[in-house]
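A.B. asks: Quick one: structure below, then a few questions.
The values are calculated or read from the model by the stated rules, or taken from the named source; none is laboratory data. Please read these numbers as outputs of a predicted model, since none were measured by experiment. Virtual Cβ from ideal backbone geometry, glycine too; neighbours counted across all protein chains shown. Surface accessibility is based on the protein's heavy atoms, side chains included, excluding ligands, DNA and RNA. Shrake-Rupley method; radii C 1.70, N 1.55, O 1.52, S 1.80 Å.
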Amino acid sequence: MLYERTRSEGSRVRIRRVSARGAMPVIAVLECATAATQSAPLLEVAAETEIDALILLEPYARSESAIAKLSVGRVENR
């Protein structure tokens, strides 16, 4: 887990590495999950290091409006 926070309504926002440790590039995802739903990636990045992946995804993870927009887009694309 590279980053995690709990939103005001209780869902969790996470940035986690999904590629194997040592694999290049580092693949990381931004996801949001509630107790009722499984987490699903909202964004995915490929970067040289975990820090680079975190730099790319953290602004979205910290922004309530970004999470809301990405979540709506995910529901519409199902």
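A.B. asks: Identify all residues within the stretch 39-57 that are open to solvent by 70 Å² or more (accessible area, probe 1.4 Å) and either in a strand (DSSP E or B) or within 18 Å of VAL72 (Cβ to Cβ) (or both); write none if there are none.
C.D. replies: PRO41, GLU44
A.B. asks: Now, a different point. Taking only the stretch 8-27 into account, find how many residues are under 13 Å from the mean Cα position of the chain (by Cα), assigned to a loop (DSSP other than H, G, I, E, B) and closer than 18 Å to THR37 by Cβ.
C.D. replies: Residues meeting the conditions: 1.
A.B. asks: Still on this structure: Is it the case that SER8 is without any contact (Cβ under 8 Å) to a residue 60 or more places away in the chain, among the hydroxyl-bearing types (Ser, Thr, Tyr) and surrounded by 13 or more Cβ atoms within 10 Å (Cβ to Cβ)?
C.D. replies: Criteria not met by SER8.
A.B. asks: Is at least one residue of the stretch 34-46 under 15 Å from GLU64 (Cβ atoms) and in contact (Cβ under 8 Å) with a residue 40 or more places away in the chain?
C.D. replies: The answer is no, given that none of the residues of the stretch 34-46 is under 15 Å from GLU64 (Cβ atoms) and in contact (Cβ under 8 Å) with a residue 40 or more places away in the chain.
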